[in-house]
Amino acid sequence: MHKIITAVIIVGVVLIALYCVMDPLQGGILLVASLPFLFFTWYTNRENGKLRKKISQILTAAQMEKEEIARDLRRQEQRHREQFERIQAFGQDLSTSLTKDQLMRTVVKAFTKVTSSTASDSQCFLLSHTPGTDDFVYEIGDNFDSTMLKTDRFNATDDLLKLVISTKQCYTYVTDVFGADSHYGFFIKEERMSFLAQLGAMVLLPLILEEQVWGILVIFCREEAAARIKHESEFFSLLLAQASVALGSAIHRGLASVDRLTQLYNRNFLYKRMKEEMEFCNRQQLPLSVVIIDIDHFKAINDSYGHQEGDMVLKKVAQIINKNVRLTDVCARYGGEEFVVVLPGILEKREDRFSIAERLRAAVESAEFFVLEQKRLTITISLGVAVRIVPQDKNMDSDALIKKADECLYKAKRNGRNQVCYPDDVQAGGAASA
């Protein structure tokens, strides 16, 4: 239309010019009369052209914006599809994991993968709560040097963990690892910081079971991965929920192996673990020691202060035992006020100044026990030790080993209690007294 109007104006001007040549007077009058119309038509046509150009530009920009929105929607749809596939694959991996250890390994591998853009781009490990204590201990890691963490205990009252446990929320820290506000040093020795500085962020993700934080995933990753955890909170919440449900189920299955009062292994599970540890020690040609522990005069505590106070004493003694042995040792409530500690790879003997049995005895004796919320008691324990040495004792089973430790315990109690009796001290066997 713009071209047609331009052509009409040109034709009109040509005709008027010809008319002026033929009849100058009439042509001049016609030209003067036509000039306003011609100018208005030309001006209107020019402005319409500008307007059409602007409209065309707006439509082009709108089309480009529409295409960008469509691309964003396709990217989001693709991202959601990938997240759904990851969640689905994660669920399948969890369902095929048969043990708690396999489940934990699956969980840390999954979170390492979703926070990595390239290989070795993220490091993840899992801390789990030790029942009956405020301690969290290293369980398993992926792409992570765990040497410095395996023997450490992290307390729930420490500021970094306390924040996660009290709020039950994820926390992201992006900080200079050498700066005063660094949180990395809570987990990592200084010699490792230079490597982790390349990652630049730390994320703490709580695993929640029955409103309690039983585990914390610690992830060292790049800043963009930490930002993604914040922006894609729904996706990561679903992964955490899956992990919590699966591992929670494993924990519940494991509760059948745990004494409810003391949170140590029960007697049935003790024998299962002893068999496994004996087989391991046979293969590795290692010694294995067993310590039986009995709380001295425990019946008098129950009779004098009641069974609730007696239970308090049992729980605290169990906590002391659990804190004063290695993470690889097996602690169990054997029955009543008796406990058993299995020490694979340890040859307990009297002359050893690092004797674990003596350490346990001293720790209980020095601990403070309060009954009826105010009366302070001194609690002591008697301990009997038995040792299994490979190859000469290779055929000794759990019952025989427990019996030898029980004979030593009887000797310790008969000799005045609050002492450790070793195999060399026993001349004749017998059952431990109450």
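The values are calculated or read from the model by the stated rules, or taken from the named source; none is laboratory data. This one's a predicted model, so the numbers in the text were calculated from it and none came from an experiment. As a convention, Cβ positions derive from the backbone with ideal geometry for all residues, glycine included, and neighbour counts pool all protein chains shown.
Worth a mention:
- Candidates Ala62, Ala89: the one that is of a type outside the set (Phe, Trp, Tyr), surrounded by fewer than 17 Cβ atoms within 10 Å (Cβ to Cβ), assigned to a helix (DSSP H, G or I) and at pLDDT below 80 is Ala89.
- Subset of region 339-355 (residues that are within 21 Å of Lys315 (Cβ to Cβ) and surrounded by fewer than 21 Cβ atoms within 10 Å (Cβ to Cβ)): none
- Counted residues, region 391-419 - those being surrounded by fewer than 16 Cβ atoms within 10 Å (Cβ to Cβ) and within 19 Å of Glu351 (Cβ to Cβ): 1
- Subset of region 292-306 (residues that are loosely packed, with under 13 Cβ neighbours inside 10 Å and farther than 23 Å from Ala363 by Cα): Asp303
- Across region 210-257, the number of residues qualifying as modelled with pLDDT under 80 and closer than 17 Å to Gln92 by Cα comes to 6.
- Only one of Lys394, Lys411 that is modelled with pLDDT under 95 and part of a helix (DSSP H, G or I): Lys411
- Residues that are assigned by TED's automatic domain parsing to the domain that holds Asp311, outside any strand (DSSP E or B) and crowded, with 22+ Cβ neighbours inside 10 Å do not occur anywhere in region 376-390.
- Within region 385-417, the set of residues being within 25 Å of Lys316 (Cα to Cα) and touching a Lys or Arg at 6+ places or on another chain (Cβ under 7 Å) comprises Ala386 only.
- From Leu238, Leu217, Leu288, Leu209, residue being under 29 Å from Arg350 (Cα atoms) and not basic (Lys, Arg): Leu288
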